[in-house]
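S.K.: Here's a structure for you.
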Amino acid sequence: MLSDDVRREAAAALAKAERERRPIPPLRETYPDIDVVDAYEIALMNIRQRLAAGATIHGHKVGLSSKAMQEMMNVDEPDYGHLLSDMALPGNVNGEDEPVSAGRYCYPRVEVEVGFILGATLPGEGCTEQDVIDATEAVAPAIELIDSRITDWNIRIGDTIADNASSAGYVLGPERVKPGDIDLRTIEARLLRNGDKVAEGRSDAVLGNPVTAVAWLARKVASFGVTLEAGHVILPGSVHRAIDVRPGDDFEAVFDGLGTVRLSFTK
């Protein structure tokens, strides 16, 4: 367990790394006593600072939602991060792609997810999958941009949690589908990079059902005094492995029954 002063020091180091795009060594090496509670508190310190500077909460994301990733990190549950207004990416606007600068990030990667848009606030402790279905206004095609402010993605659980679950941005496609109009467990998705398929997966790669991930998230954040509110976007986890971003890349995620979403990067 770290002291509050050390937590603030770690939070400042991560914020500077993101601001200056200069990754830092793993926190577990700099602070060997760091634990999961420390990591979440470090992340929340930086979130509070960004909110104080004018950002607003757009939603939350779930990370480590596949059993393979949990085994790699030696954990038995996912983690979570915040999605803020300054993380919303333009994607396809009025039929025109508005590219994002890859140079804004340290080691950008993209993931394809089924995005949940809440129409009602979720309960915290005791939240069920039915609660999630009832509160979800619509699901939408989504791409999450992830990044690590830790050198060379050399992360373990404390590193990624403290780093806002390695989140950096997100974009939703235009389509909206009611949760009762699609089987949320069997949505097939493909990711194209510059027209070539580079990854594919199915929504049940996320804890067997992305609804399960959203219900877990609602219960988890409640222990930190956080609520998943009406209007929030929830990203429950990727349906495939993360794909590296190269300058000039144009990504398109194609979902069966859910539409498409695009995200491109400047050269």
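S.K.: Compare PHE255, PHE224, PHE116 in a GNM of the chain, Cα atoms joined below 10 Å, and give the one with the largest fluctuation.
M.R.: Per the Cα network of the chain with a 10 Å cutoff, PHE224 tops the list.
S.K.: Something else about it: Using the Karplus curve 6.51 cos²θ - 1.76 cosθ + 1.60 with θ = phi - 60°, what ³J(HN,Hα) values do you get for each residue of region 191-197, in whole Hz, with x for Gly and Pro?
M.R.: Couplings: 10, 9, 10, 6, x, 9, 5 Hz.
S.K.: Going by accessible area, probe 1.4 Å, with all protein chains left in place, what is the ranking of ILE143, ILE133, largest first?
M.R.: Values: ILE143 0, ILE133 55 Å².
Ranked list, largest accessible area first: ILE133, ILE143.
S.K.: Of all beta bridges DSSP finds with both residues in the chain, what is the antiparallel percent, to the nearest 5?
M.R.: Details: 45 of 51 bridges.
Of the beta bridges lying entirely in the chain, close to 90 percent run antiparallel.
S.K.: Moving to a separate point now. Counting other C-beta atoms within 10 Å, and keeping those with at most 16, which DSSP coil trypsin sites (Lys or Arg not before Pro) do you find in region 1-54?
M.R.: On the way: sites: ARG7, ARG8, LYS16, ARG19, ARG21, ARG28, ARG48, ARG50; in loops: ARG21.
Here the sparse-neighbourhood loop sites are ARG21.
S.K.: A further question follows. Cα-based Rg (one decimal) and Dmax (whole number) for region 196-267, in Å?
M.R.: Spelled out, the Cα radius of gyration and Dmax of region 196-267 are 15.2, 43 Å.
S.K.: Most mobile of ASP256, ASP181, ASP159 per a Gaussian network model of the chain (Cα springs, under 10 Å)?
M.R.: Largest GNM mean-square fluctuation: ASP181.
S.K.: Label GLU229 and GLU188 with points 7 Å out from Cα along Cα→Cβ: what is the distance between them in nm?
M.R.: In this crude label model, GLU229 to GLU188 measures out at 4.0 nm.
S.K.: Modelled label-to-label distance, ASN154 and ALA12, 7 Å Cα→beta-carbon offset: nm?
M.R.: 2.4
S.K.: THR136's amide H: which non-local residues (gap 5+, or another chain) put their own amide H closer than 5 Å, with H modeled 1.01 Å from N in plane and none for Pro or chain starts?
M.R.: Residues meeting the criterion, in which the H sits 1.01 Å from N, are GLY119.
The values are calculated or read from the model by the stated rules, or taken from the named source; none is laboratory data. All values reported here derive from a predicted model rather than from experimental measurement. Using ideal geometry, Cβ is built from the backbone for each residue, glycine included, and neighbour counts are taken over all protein chains shown. Ligands, DNA and RNA are excluded from the accessible area calculation, which covers all protein heavy atoms including side chains. Shrake-Rupley method; radii C 1.70, N 1.55, O 1.52, S 1.80 Å.
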